[in-house]
Amino acid sequence: MSVATEAHGSGHGAGADLGTAAGFAGPAVAGTGRPGPGTVQLVTRVLTALVAETGPQRHAPIVLAATDHCLRAVAEFVAKCEDSTRRLRPSVSLALEPSLLLGRFTVEQDWAAPCYALVTPGGAGASALRWATAAVGSGTAPAVVVCEVVHAQQADGERVVALAALIGPGGSAATEVRTIDDDVLEDGLDSALRRAALGGVEEGT
């Protein structure tokens, strides 16, 4: 099954085709690492690899699904607040801002389009895909980059996986997830983007 859907609305920009089907414009890309400060580097590597696969898309908005990252950041923030032996610095609260995950990539690539972060328990990845396919299908955006950051518990501890894909006109499923690391997780990985890329998401889910 394809993640492709049709969205009807007012097209913006030259040549907008109302109701155009939208789907994966190339393979999805995934990488893995340990949660924490290194997540920024992981997201940067994955998005850079996606650009290498699909070509420059600097006018494509980025939609980041970061629920797992934010839940962990909030838990760590609360723990620091409750720790009477530590001095709480104003900068500690910055870790709660999910858009920081995109900062290094957007600066390095001179990204010209807006970026959005979604934090929806149990559904940010699917929401990001719906947003992207609707924006492309209605002609609001020529293409949209979707990036999902998910955490998984493994025998050797918690791991974080970043996945990214370009949604563009065409309506096809990616059918492939290319990995930039040798040990991208599958067991215990709850990723809407991965399921969609492999044809496992129906319209409207």
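The values are calculated or read from the model by the stated rules, or taken from the named source; none is laboratory data. Note that the structure is a prediction, hence the values are computed from the model and not measured. Note: ideal-geometry Cβ built from the backbone for every residue, glycine included; neighbour counts use all protein chains shown. Accessible surface is based on the protein model in full, side chains and every heavy atom, while ligands, DNA and RNA are left aside. Shrake-Rupley method; radii C 1.70, N 1.55, O 1.52, S 1.80 Å.
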With the structure loaded, tell me whether residue 15 is touching a Gly at 6+ places or on another chain (Cβ under 7 Å) and either modelled with pLDDT of 80 or more or in a loop (DSSP other than H, G, I, E, B) (or both) or whether it fails that test.
no
Take the conditions buried (at least 21 other Cβ atoms within 10 Å of the Cβ) and touching an Asp or Glu at 6+ places or on another chain (Cβ under 9 Å) and apply them to residue 150. Does it pass?
yes
Among the residues listed as 180, 167, the single one being open to solvent by 20 Å² or more (accessible area, probe 1.4 Å), closer than 18 Å to residue 52 by Cα and at pLDDT 85 or above:
180
Within the range 80-95, is there a residue that is modelled with pLDDT under 70, within 22 Å of residue 162 (Cβ to Cβ) and assigned to a helix (DSSP H, G or I)?
yes
Criterion violated by residue 108 - all others in (1) modelled with pLDDT under 90; (2) closer than 27 Å to residue 197 by Cβ; (3) open to solvent by 70 Å² or more (accessible area, probe 1.4 Å) satisfied
(1)
For the range 19-42, state whether one or more residues are in a helix (DSSP H, G or I), closer than 20 Å to residue 179 by Cα, modelled with pLDDT of 65 or more and of a type in the set (D, E, K, R).
no
